[in-house]
Amino acid sequence: EFKISGMTCASCEEHVNHEVNKLNGIVNIKASFEDGNAIIEFDQTKTDETEIENAINATGYKVTDKKEN
């Protein structure tokens, strides 16, 4: 789970989903502006938390925290 600040609407969620899905190894992503987070399943042999965080930050929103579920 990545906590994200700055998302205010469904379009924000789609922007994050789209950018993260460009990475190899993404199994599933669900961004939620209401919860201020993105829950991401990924193949650790193809990508890592740093690449995902960089992709989210590149959208203009900011990762503020992350934790494993």
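The values are calculated or read from the model by the stated rules, or taken from the named source; none is laboratory data. These numbers were taken from a predicted model, which means no experiment stands behind them. So basically every Cβ, Gly included, is an ideal-geometry build from the backbone, and we count neighbours across all protein chains shown. In case anyone asks, the SASA skips ligands and DNA or RNA and just uses the protein heavy atoms, side chains included. Shrake-Rupley method; radii C 1.70, N 1.55, O 1.52, S 1.80 Å.
Entry note, the range 4-56: relative contact order of 36 percent, from Cα contacts under 8 Å with a spacing of 6+ residues. Modelled label positions at Asp48 and Thr8, each set 7 Å beyond Cα in the direction of Cβ, lie 3.5 nm from each other. In units of 2.2 N^0.38 Å, what is the alpha-carbon radius of gyration of the chain? Its radius of gyration relative to the 2.2 N^0.38 Å reference: 0.96.
Rolling a 1.4 angstrom probe over the protein heavy atoms with all chains in place gives the chain an accessible area of 62 Å² per residue.
Estimated from helices alone, the mean residue ellipticity of the chain at 222 nm is -9500 deg cm²/dmol (sum of -39500 (n - 2.57) over DSSP H runs with n ≥ 4, per residue).
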